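Have a look at the structure below, then the notes.
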Amino acid sequence: DGGITQSPKYLFRKEGQNVTLSCEQNLNHDAMYWYRQDPGQGLRLIYYSQIVNDFQKGDIAEGYSVSREKKESFPLTVTSAQKNPTAFYLCASSMLNTEAFFGQGTRLTVV
Amino acid sequence: AQSVTQLGSHVSVSEGALVLLRCNYSSSVPPYLFWYVQYPNQGLQLLLKYTSAATLVKGINGFEAEFKKSETSFHLTKPSAHMSDAAEYFCAVSEKINFNKFYFGSGTKLNVKP
């Protein structure tokens, strides 16, 4: 089945650690996105990529980094510079003139 | 940049009653418009989308939405609520110029009372 796979579903990070969230899609979509979701704030765009080897900052990119070395993969690293990383992270992808398709999310908790 | 406003962070209806979730967007140029549903600890699932065809759009699970350019609105309705409709609903827009960038509202949690 085609879709977007995010892993892991739950992730725990210690203070000062970097962690990487995985996002893989087999929909052959050009564009991929990372959103952060906090209660009552909807979805906020962290980074997006419209083609391989290119990506742009979204509204809340500070403390995060991404790469897009392959069309199907768009991993997100939450660095130690992100002071409040506890949130639900959603990866999505889309093609031209279509809706965004979402993965099942990764819940990151700082311990 | 676009902005999307969803009036009412929480809406409560009785089972069998009309569901109305409100969405307004800011663009002067009609964008593409979407409604998504999210169940707890899951991703977002598309309910319906408007991409400049018919202004009344029908989606899954009996939901529909009407695009009103004069009101810059795209409200979501369902004639009769079911318990399984309890979830969080997000309105989203994407610009036709920069079509691959999506903007989301803050969400409306729908509670369905028996």
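Points to keep in mind about this one:
- Averaged over the residues of A:47-56, the number of partner chain Cβ atoms lying within 10 Å of the residue Cβ comes to 1.
- Between B:A92, B:A54, B:A65, the Gaussian network model of chain B with springs among Cα atoms under 10 angstrom shows the greatest mean-square fluctuation at B:A54.
- Volume per residue for chain B equals 95 cubic angstrom (convex hull of Cα atoms).
- Charge tally in the Cβ shell below 14 Å around B:F74, where Lys, Arg are +1 and Asp, Glu are -1, B:F74 excluded: +1
- Pairwise centroid distance, computed over Cα atoms, of segment B:1-63 with segment A:1-66, Å: 23 Å
- Shielding score for A:33-40, defined as the mean number of other chain Cβ atoms within 10 Å: 3
- Cβ-based charge dipole, chain B, positive-most Cα from B:L110, B:S3, B:S14: B:S3
- Pairs of Cα atoms nearer than 8 Å and 6+ residues apart set the relative contact order; for chain A it is 35 percent.
- The order of B:H75, B:H10, going from fewest to most other C-beta atoms within 10 Å of their C-beta, is B:H10, B:H75.
- Ordering A:L45, B:L46 by the number of other Cβ atoms within 10 Å of each residue's own Cβ, fewest first, gives B:L46, A:L45.
- Size descriptors for the protein assembly as shown, from the alpha-carbon set: Rg then Dmax equal 17.5, 52 Å.
- Relative contact order for segment B:18-61: 29 percent, from Cα pairs under 8 Å spaced at least 6 residues apart, divided by residue count.
- Radius ratio Rg over Rh of segment B:53-114, counting only Cα atoms, Kirkwood formula for Rh: 1.01
- Kirkwood hydrodynamic radius of segment B:5-67, Cα pairs, Å: 13.3 Å
- 19 Å Cα cut-off, lysine pairs counted over chain B (separation 8 or more, or different chains): 14
- For chain A: rounded, prolate or oblate by the Cα gyration tensor [a/c cutoff 1.5]: prolate
- Looking at segment A:1-47, the trypsin sites (Lys or Arg not before Pro) that sit in a DSSP loop and have at most 12 other Cβ atoms within 10 Å of their own Cβ are A:K9, A:K14.
No value in this document is a laboratory result; all are computed from the given coordinates. These numbers come from a predicted model, not from an experiment. When we count neighbours, we look across all protein chains shown, and the Cβ atoms used for this are built from the backbone with ideal geometry, even at glycine.
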